[in-house]
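The values are calculated or read from the model by the stated rules, or taken from the named source; none is laboratory data. Just so it is clear, the model here is predicted, and its values are computed rather than measured. In this analysis, Cβ positions are derived from the backbone assuming ideal geometry, glycine residues included, and neighbour counts consider all displayed protein chains. When the accessible area is computed, the model is the full protein with side chains, heavy atoms only, and any ligands, DNA or RNA have been set aside. Shrake-Rupley method; radii C 1.70, N 1.55, O 1.52, S 1.80 Å.
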Amino acid sequence: MTTSASIRLGRPGARAGSASTAVSLRGVSKSIDGRAVLSEVSVELPRGSFVSVMGANGAGKSTLLRVMSTLTGATEGEVRIFGESRGAAVRAKIGMVAHETMLYDELTALENVTLFARLHGVPGAASRARLMLEQLGVGAVAHAAVRSMSRGVAQRVALARALVHGPELLLADEVFAGLDVGSRELVEGVLTEAWGKGCTIVTCGHDVEQSLRLSERVLVLERGRLVMDEWAHRLTAGSLRERLGGRA
Amino acid sequence: MGGTRRIAVAGYWVLSLAALAGAAWLAAYYAPVDADMGVIQKVFYFHLPAALCMFGACGLVFVAGVGYLWQREGWWDDLSHASARVAVLLSSVVLLTGMIWGKQAWGTWWTWSPRLTFSLVLWLLYVAYLVLRASIGSEQKRAVVCAVYGIVAFLDVPLVYLSTKLMPDIHPESIELERPMWVTLGAWMAAVTLLSAGLVAARYRVARLERAHEEWALRTGMGGPA
Amino acid sequence: MSAVRVVMLLAGKDLRIEARGRQTLGLVVVLGILIEVVLALGLGQASSGLRATAILWVTYLFGGVLCFEKTMAVERQHGAMAGLLLAPVDRGLIYLGKLCANLALLGALAAVVTPVGIVFFGFDLSAAPGAFAAVIGLSLVGYAAVGTLFSAVTSASRLQGGLLAMVVFPLSLPLVITSTQVLAGVMDRGEALDMSGLGVIAVFDVIFLTASWSVFELVVEP
Ligand SMILES: Nc1ncnc2c1ncn2[C@@H]1O[C@H](COP(=O)(O)OP(=O)(O)O)[C@@H](O)[C@H]1O
Ligand SMILES: [Mg+2]
């Protein structure tokens, strides 16, 4: 982590868009029913970045991740994910965990994950799905219906679903919410491992220490504006907390 | 609204109402009374132009829907709404005048004749548009849904027509018009077209103003989040 | 993955969910029978081809709307539709998968409600069972095409139930009018099957399948 950070000197995001760019947003604004949710956000995330997006509730973190996922379009500005604006080829490279688990209650964990593996054309979908569930420590409930699962378990199944096709960009929206200490460490391990394999990761959450520990770069949103974009190693928990708490 | 614009709008309405008055005078005093239908035949002068303008309004809803999906600009949605309101108004006229005609011709207010059924289904189609509109809170979602519905409903119109053609028609009408009748019909056509276009434009203008006001309220923080 | 396999995968998923819960089909079939009972109490046994078709349409229409709402509610419950939209498949295929699932449910509904109607009302379909099946089958495709599209619309906008019926019924009236007229001709007047009527239904199907398939992506976008 220190090596990768030391290569990229200067301000984060100074690099121009290129083949090695995973996410490139230029002047992205998003308004929902006339209300600005994101305002002129510009950011470049090179491949292999691990980025935490922080900000108060309603700051626009989830919306930013949805824009990056191409699920929702920007009202203004340019969105490029691996050089393309949208389409099946881009979606094939994206994995996403949102607030909602995107799982079917009546199906088992394994069926849910296998379905998405099949949709992504993963060879040996069922065994790959089982492997992912085991990695996330929910192999034991692979045959239980999602309906019967607690929030924390369902959340890990959702993460298995997002990772089953080996995405190049993982968008994880408050993935640690509702997890106990053990699962939290497990999920941290899984994210770090995916990152180690070259996956670009964008998470958002509220835990300052965890964000600084896991990620190499921190973005702070305030009412839809990007007010801070800084390397994690240059920040301390105190300074970041102050930045977050200093909201009017 | 500038002074010239105000005068133009007022002039338009004066012209439209004058055309309506003229058309009414022609229908009352110039056009002869029909041998079979009597005075009731005269609703026909209102019925046919209203039907034609209704198709125009439905077409405008369709065009506005396509335009919105293509450009995603709010004014297309306002146009769609304005046209749909006028389409409902006109189809109500068509339906009522059709019923009055039917009462005279067949002695009952309602028969499941192809024409009446067609008018009724069209009325339902566009009333459903207005209800659908009223029940969607999010502005963007509403615009998309109404655009799609407006397109689909317009595609439905010829199918409704073809399906009602299959229904048994007890009194196939063939209307023989004399020259004064044609003249009267032409006058009504002009008056109804002017009025319909004016109503669409007026509703559209009101919607634009409302939208501008909402945007202003949002910008100044009066409707937005704390 | 081939388009057909994607559609089958998605439709199979919906039917599996339905098989687990067995909520929709039970509800819809019982509702259909109840509607028939109420109508039979008022109309008695004397019936024509015109009446038979119209009565069956009432059950198909109401049952169908419930099917469309239920199969789409599954996608809304935990935001699963977003997951499908993120899959690297043509989004028109998501529509087709849902349509196939809805058609399967509608078919199952018709398979129960139609014989019950024959018993309750003394319908005589023996004159032309093939024509009946063809006309109703083709009509249900068009009905499901419209219903599936607008169930996505209404569920994406979190609209209350009942609204879907109000949107879909008027749009589907050409199907009802055509099929009742065509079948009345076949069964009451002993005419040959009116191919122009069948043509209207086929054109309806083609237009609404094409239109829905092409705008589906626009309306589900969250
Ligand atoms: N679908 C939507 N409809 C209306 N408002 C929305 C929608 N999605 C987000 N918002 C608004 O956008 C703002 C940012 O939301 P979000 O991105 O969820 O923030 P965060 O994830 O940082 O808490 C909030 O004020 C929220 O109310
Ligand atoms: Mg959020």
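Could you check, for region A:47-55, whether at least one of its residues is closer than 18 Å to B:E139 by Cα and surrounded by fewer than 20 Cβ atoms within 10 Å (Cβ to Cβ)? Checked against the condition, which is being closer than 18 Å to B:E139 by Cα and surrounded by fewer than 20 Cβ atoms within 10 Å (Cβ to Cβ), region A:47-55 yields no hits at all.
Among strands (runs of 3 or more DSSP E) entirely within region A:194-246, having at least 2 residues that are more than 18 Å from A:E44 (Cα to Cα) singles out no element at all.
Selection over region A:74-131 of residues that are more than 16 Å from ligand 1 (Cβ to nearest atom), without any contact (Cβ under 8 Å) to a residue 24 or more places away in the chain and acidic (D, E) gives a count of 2.
Condition (residue is open to solvent by 10 Å² or more (accessible area, probe 1.4 Å), over 18 Å from C:L171 (Cα atoms) and assigned to a helix (DSSP H, G or I)) applied to region B:105-119: is it met by at least one residue? Within region B:105-119, one or more residues are open to solvent by 10 Å² or more (accessible area, probe 1.4 Å), over 18 Å from C:L171 (Cα atoms) and assigned to a helix (DSSP H, G or I).
Quick check on region B:63-75. Is at least one of its residues open to solvent by 20 Å² or more (accessible area, probe 1.4 Å), closer than 24 Å to B:W188 by Cα and touching a helix residue (DSSP H, G or I) at 6+ places or on another chain (Cβ under 7 Å)? No, that holds for no residue. Of all residues in region A:73-119, those that are more than 8 Å from every other protein chain (Cβ to nearest Cβ) and open to solvent by 10 Å² or more (accessible area, probe 1.4 Å) total 17.
Of the residues making up region A:137-178, those that are within 16 Å of ligand 2 (Cβ to nearest atom) and open to solvent by 10 Å² or more (accessible area, probe 1.4 Å) are A:R151, A:E174, A:F176, A:A177, A:G178.
So which residues in region A:25-45 are more than 12 Å from every other protein chain (Cβ to nearest Cβ) and more than 25 Å from A:S239 (Cα to Cα)?
Going residue by residue through region A:25-45, those that are more than 12 Å from every other protein chain (Cβ to nearest Cβ) are A:25-29, A:38-45.
Listed by number, the residues that qualify are A:L25, A:R26, A:G27, A:V28, A:S29.
Counting only residues that are surrounded by fewer than 22 Cβ atoms within 10 Å (Cβ to Cβ) and either facing chain C (nearest Cβ under 9 Å) or at pLDDT below 90 (or both), region B:129-157 holds 12 of them. With respect to the stated conditions, C:S214 fails to be touching a residue at least 24 places away in the same chain (Cβ under 8 Å) and open to solvent by less than 30 Å² (accessible area, probe 1.4 Å).
Scanning region C:184-206 for residues that are under 19 Å from B:T164 (Cβ atoms), hydrophobic (A, V, I, L, M, F, W, C), more than 8 Å from every other protein chain (Cβ to nearest Cβ) and under 18 Å from the mean Cα position of the chain (by Cα) returns C:L198, C:I201, C:A202. Inspection of region B:164-185 identifies at least one residue that is within 9 Å of chain C (Cβ to nearest Cβ), open to solvent by less than 40 Å² (accessible area, probe 1.4 Å) and either touching a residue at least 40 places away in the same chain (Cβ under 8 Å) or not in a helix (DSSP H, G or I) (or both). For region A:153-173, the condition holds for at least one residue, the condition being that it is over 27 Å from C:R22 (Cβ atoms) and away from chain C (no Cβ under 14 Å). The condition of being open to solvent by 50 Å² or more (accessible area, probe 1.4 Å) and either under 30 Å from A:G166 (Cα atoms) or more than 14 Å from every other protein chain (Cβ to nearest Cβ) (or both) holds for only one of C:F62, C:F68, that being C:F62.
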